[in-house]
Amino acid sequence: MDSAFIIEKSVVIVAVFALTMFMAMYSTWAERKVAAFLQDRVGPNRAGWGGLLQPLADGAKLFTKEEFFPNTPNRFLFILGPAIAMSTALITSAVIPWGDKIHVFGRDVVLQATDIDVSILYVFGVLSIGVYGIMIGAWASNNKYSLMSAVRASSQMISYEVAMGLAIISILMMSGSLSLKAITEMQTTGGWNVIYQPVAFLIFLICSFAETNRTPFDLAECESELIGGYHTEYSSMKMGFYLFAEYANMFISATIISVIFFGGYHFPFMAECKEAIGMNLTALIGFLALFAKICFFIFFYMWVRWTIPRFRYDQLMHLGWKILIPLAVINIIVTGIVMVIFN
């Protein structure tokens with residue numbers, strides 16, 4: 001392994017980490033602005049022009065708030081909970097292809113931290129670990145309301161992971177690969193997957209709302225007896241990690257949807273564009289195209305949050321187990337039949 005390869009991957013990793021942190025930070029500002037727009041309010045407008053410095057002010061506030069530890073015998077696990085939640089939110093981005101390769105300093109650089117053959121399994125594995133961050137933190141809080149909230153959040157995340165995984169199977173049947181890079185490249189020639197798998201896209205989108213604990217599935221913190229949710233006993237940056245992880249997960253979820261169903265960095269006439277203006281400019285346009293898709297889905301998350309009322313918990317579980325999972329299984333069967341008939 002040469003030093004140039006190590007430098008290349010280090011730069012990509014740092015850039016992806018910075019992008020994820022930046023998007024998570026300014027998603028809080030965008031959330032308030034979208035909510036204000038939909039509710040005919042102003043939103044943040046004091047800290048900087050248009051409130052653009054509000055996320056920095058919020059971060060400074062969290063850093064300077066008093067560190068509080070409840071009366072718990074599990075202080076280590078109390079700290080470990082938000083650390084797991086934040087870590088899983090960040091490391092998921094390692095397998096996402098952010099753009100086509102570019103040519104710099106005589107080398108072809110792939111805009112992806114690592115391209116493993118089982119990228120989708122890696123994503124689902126990391127998402128599963130995120131459940132532990134919620135459960136461990138709530139259990140170590142020594143608060144029965146936080147624990148009740150964590151049980152609700154974890155059960156809904158596990159329930160909707162099943163339907164989400166089944167929805168992806170139809171995509172894997174078409175692409176024949178578990179690599180997100182291969183799935184993206186397949187869509188550059190055959191058309192975006194959302195055209196062929198609209199049902200799988202709809203199931204995956206709904207499950208993404210439940211996975212990120214977003215409205216209308218934020219049952220973990222909406223009931224009156226659950227007070228602030230599973231992070232009720234947290235303060236300062238430990239609470240900030242939980243809140244930050246939610247927005248980072250929303251960003252990664254929007255990215256996964258864009259990559260799997262909407263071609264990722266692919267855009268119309270990409271091949272012609274590469275011949276006309278070269279590899280590097282085309283890769284830049286491809287990254288901007290992916291970024292535009294991500295921003296649209298982030299806006300869609302926020303739009304739904306401030307438009308649709310919450311489900312009851314029994315409605316949430318009924319939708320996951322009795323509607324989405326059977327629908328995903330039927331979609332797999334139909335996909336298999338169509339593939340056999342049309343070879």
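Readers should treat all values here as calculations from the given coordinates under stated rules, not as data from a laboratory. Please read all numbers here as calculations on a predicted model, not as lab measurements. With ideal geometry, Cβ positions are generated from the backbone for all residues, glycine too; neighbour counts draw on all protein chains shown.
Springs join every pair of Cα atoms under 10 Å in this Gaussian network model of the chain, and among 120, 158, 195 the largest mean-square fluctuation is at 195. When the Cα positions of 335, 68, 299 are compared along the charge dipole of the chain, 68 comes out farthest toward the positive end, with charges on each C-beta of Lys, Arg, Asp and Glu.
When the label point is put 7 Å from the Cα of residue 67 along its Cα-to-beta-carbon vector, which residues of region 82-104 have a backbone N closer than 17 Å? Taking a point 7 Å out along Cα→Cβ of residue 67, the residues of region 82-104 whose backbone N falls under 17 Å are 82-84. In this structure, the pairs whose alpha-carbon distance is over 30 Å, taken from 144/238; 33/322; 33/274, are 33/322; 33/274. Using Cα positions and a limit of under 14 Å, work out the aspartates and glutamates in reach of residue 9, with same-chain residues fewer than 8 apart set aside. Leaving aside aspartates and glutamates fewer than 8 places away in the same chain, those within reach of residue 9 are 108, 115. Between helix 180-190 and the chain there is an angle of about 50 degrees, using the helix long axis and the longest principal axis of the Cα atoms. If you take the Cα centroid of region 172-209 and the Cα centroid of region 273-343, the two points sit 8 Å apart. Mean-square fluctuations from a GNM of the chain, with a 10 angstrom spring cutoff on Cα atoms, peak among 324, 178, 281 at 281.
Our estimate of slack between residue 333 and residue 202, defined as 0.36 nm per intervening residue step minus the Cα-Cα distance, is 45.5 nm.
Placing dummy labels 7 Å off each Cα toward the beta-carbon, the span from residue 318 to residue 303 is 2.8 nm. Largest GNM mean-square fluctuation across 213, 193, 143, computed for the chain with C-alpha springs under 10 Å, falls on 143. Seen from residue 42, the other residues with C-beta closer than 12 Å to its C-beta sum to a net charge of +3, counting Lys and Arg as +1 and Asp and Glu as -1. Taking the C-alpha atoms only, the angle from helix 279-305 to the longest principal axis of the chain is near 40 degrees. The structure shown yields semi-axes √(5λ) of the Cα gyration tensor in Å, and of the options (i) 34, 26, 20; (ii) 29, 24, 20; (iii) 46, 29, 23 that calculated value carries the label (i).
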